[in-house]
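A short write-up of the structure that comes next.
The values are calculated or read from the model by the stated rules, or taken from the named source; none is laboratory data. Keep in mind that this is a model prediction, so the values were computed, not measured. Every residue, glycine as well, gets a Cβ built from its backbone with ideal geometry; the counts of neighbours run over all protein chains shown. Ligands, DNA and RNA are excluded from the accessible area calculation, which covers all protein heavy atoms including side chains. Shrake-Rupley method; radii C 1.70, N 1.55, O 1.52, S 1.80 Å.
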Amino acid sequence: MNKKVYIETYGCQMNVNDSEVVLSILQGVGYERTTDMGEADLILANTCSIRENAEQRVHGRIDVFRLEKKKRPGVIIGILGCMAERLKDKLLEGRIVDLVAGPDAYRSLPAMVAAVTPGNPQIEVQLSRTETYDDITPVRMDHNGLSAYISIMRGCNNCCSYCVVPYTRGAERSRDPYTIVAEARDVFSKGYKEVSLLGQNVDSYLWKAPEDCPEHAGESVSFAQLLEMVALISPELRVRFSTSYPSDITDEVLFTMAKYENVCNHIHFPVQSGSDVMLEKMRRKYTRQWYLDRVARIREIVPDCGLTTDVIAGFCGESEQDHQDTLSLFELVKFDAAFMFAYSERPGTLASKKYEDDIPQDVKTRRLNEIIELQGRMGFIRYKEQIGKTLKVLVEGPSKKTPDELCGRAGNYMMCVWPDKTHKVGDYVEVTVIDATPATLICKLA
Ligand code: SAH
Ligand code: SF4
Ligand code: F3S
């Protein structure tokens with residue numbers, strides 16, 4: 001009988017892909033995945049540290065795991081990911097968990113699991129300058145076998161002052177592009193129709209062939225080149241990517257997007273703030289004007305490009321004017337959608353050492369709500385602008401609300417629904433937009 005592993009994943013898409021890597025590594029030593037914690041021999045949480053409430057949620061889950069272990073003392077409980085890296089042996093206090101493994105330690109998991117005995121927890125949180133798990137075929141966790149995450153790099157070399165990621169994920173490293181293309185080909189041959197290339201800053205992807213590599217000696221591959229290599233696999237394979245960094249995205253990337261129809265016209269383009277004072281304090285390497293100019297360039301080279309963003313309200317010292325600058329930027333750009341957050345101080349970051357977290361919670365919340373309200377209106381305008389257009393959509397399945405309708409995303413990432421009795425999951429369908437809600441395009445077959 002195979003042993004069973006249950007895994008919960010928090011945080012970003014890269015963490016989801018890491019869980020898939022973990023499942024693959026554990027499968028190699030006879031573990032099979034279960035979605036029922038009650039039958040698991042090994043319970044894992046792959047965790048996120050990005051904001052305090054992300055960590056709070058995981059602490060709540062550890063309490064639940066502990067109850068399970070009370071019932072079945074043989075169960076092994078492990079914490080993976082960014083919280084494991086950030087909190088290290090603090091997670092072992094009170095002997096609640098048996099295993100703590102940081103993001104670069106997953107190859108050690110089989111040995112660690114085997115070594116766990118009562119009162120003998122295992123910890124491995126060493127970060128690596130080279131680990132990319134490039135030879136591991138992830139065990140996909142998506143439900144419909146349609147869209148696969150492929151990590152193209154790990155870590156981050158930026159030093160945004162609010163951000164914990166460089167500490168939890170370590171230095172940036174780019175994965176061998178030939179293994180990326182091979183993985184994309186492999187999922188395409190298994191029926192997948194979409195790949196998402198993932199990195200904290202995909203625009204700084206740069207692979208240099210090892211000097212002793214006979215096939216590719218002297219070669220280097222940029223993100224634009226990688227994008228093209230993946231796009232060329234098949235016109236039937238859609239390519240998405242995330243995240244783009246405003247000062248690093250090149251025109252070459254934009255031209256590649258424009259050139260290949262299967263590279264989706266959507267850019268996730270986190271701005272963080274519309275105020276130059278805040279951007280400087282955040283150590284983002286661009287100004288408001290630079291950002292606006294890049295948006296203009298995107299819309300020039302990739303017409304109809306979907307644009308989404310991330311923003312932080314109430315960063316250290318943010319004045320009412322800084323906040324107004326963020327609002328006015330949202331009004332100018334009109335994002336399709338945004339992830340909007342109140343600033344959460346993270347221990348160990350530059351901001352936590354250098355600046356006071358001085359915006360009262362109620363002010364943060366009020367400013368965040370103002371951004372959310374404005375973005376709701378701007379997004380709705382963007383959705384309504386699609387009325388009358390014909391879009392190519394990848395069918396994801398029946399629509400949640402109306403089962404005789406299908407749903408799927410357009411290249412620009414907007415969700416479409418339309419009545420349809422003939423197509424099925426994984427088909428490409430042309431639809432015409434006839435109406436819009438703030439987050440869905442109402443369509444008919446074109
Ligand atoms: N690499 C991506 C972001 C990864 S983190 C980038 O550079 O854009 C995802 C988002 O979480 C960030 O874009 C930011 O908006 C938010 N975030 C990061 N640290 C935060 C903090 N301390 N408080 C609130 N939001 C934060
Ligand atoms: Fe964090 Fe900045 Fe790196 Fe994004 S680019 S992961 S916000 S340090
Ligand atoms: Fe969270 Fe780590 Fe991703 S902090 S957002 S899981 S890189």
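Can you find, within region 279-308, the residue that is surrounded by the fewest Cβ atoms within 10 Å (Cβ to Cβ) among those that are among the aliphatic types (A, V, I, L, M) and within 24 Å of the chain's Cα centre (by Cα)? Residue satisfying both the conditions and the ranking: L292. Kindly evaluate V5 against the criterion of being away from ligand 2 (no atom under 16 Å from the Cβ), under 27 Å from the mean Cα position of the chain (by Cα) and at pLDDT below 95. Spelling it out, it is not the case that V5 is away from ligand 2 (no atom under 16 Å from the Cβ), under 27 Å from the mean Cα position of the chain (by Cα) and at pLDDT below 95. Reported count of residues in region 397-439, each being assigned to a strand (DSSP E or B) and at pLDDT 95 or above, is 21. Among the residues here, C12 qualifies as open to solvent by 30 Å² or more (accessible area, probe 1.4 Å) and under 16 Å from the mean Cα position of the chain (by Cα).
Exactly one residue out of D420, D435 is open to solvent by 30 Å² or more (accessible area, probe 1.4 Å), not aromatic (F, W, Y) and not assigned by TED's automatic domain parsing to the domain that holds E280: that is D435.
Could you identify the single residue in L91, L127, L87, L109 that is part of a helix (DSSP H, G or I) and open to solvent by 20 Å² or more (accessible area, probe 1.4 Å)? Criteria check complete, one pass: L87. Take the conditions (1) open to solvent by less than 10 Å² (accessible area, probe 1.4 Å); (2) in a helix (DSSP H, G or I); V64 misses just one of them, which is (1).
Of the residues making up region 150-200, those that are away from ligand 3 (no atom under 16 Å from the Cβ), open to solvent by 30 Å² or more (accessible area, probe 1.4 Å) and part of a loop (DSSP other than H, G, I, E, B) are D176, K190, G191, K193. For region 78-95, filtered to residues that are more than 21 Å from K4 (Cβ to Cβ) and among the hydrophobic types (A, V, I, L, M, F, W, C), the residue that is nearest to ligand 2 (Cβ to nearest atom) is C82.
Pairs are defined by a Cβ separation below 6 Å, a sequence spacing of at least 6 or placement on different chains, a first member in region 60-86 that is more than 25 Å from L127 (Cα to Cα), and a second member that is part of a helix (DSSP H, G or I) and open to solvent by less than 10 Å² (accessible area, probe 1.4 Å); no pair meets this definition. Apart from one condition, D203 fits all of (1) within 16 Å of ligand 1 (Cβ to nearest atom); (2) over 27 Å from T349 (Cα atoms); the exception is (2). Per the listing I312, I249, the residue uniquely within 16 Å of ligand 3 (Cβ to nearest atom), within 24 Å of S161 (Cα to Cα) and under 19 Å from the mean Cα position of the chain (by Cα) is I312. Would you be able to say whether some residue in region 208-231 is open to solvent by 20 Å² or more (accessible area, probe 1.4 Å), within 16 Å of ligand 1 (Cβ to nearest atom) and not acidic (D, E)? Checked region 208-231: no residue is open to solvent by 20 Å² or more (accessible area, probe 1.4 Å), within 16 Å of ligand 1 (Cβ to nearest atom) and not acidic (D, E).
If you check P303, P347, P270 for being part of a loop (DSSP other than H, G, I, E, B), on the phi < 0 side of the Ramachandran plot and at pLDDT below 95, only one passes: P303. Evaluate the following for E55: is it in a helix (DSSP H, G or I), under 16 Å from Y6 (Cα atoms) and not small (G, A, S)? In short, no. In region 338-353, which residues are away from ligand 2 (no atom under 14 Å from the Cβ) and open to solvent by 40 Å² or more (accessible area, probe 1.4 Å)? Listed by number, the residues that qualify are M340, E345, P347, K353.
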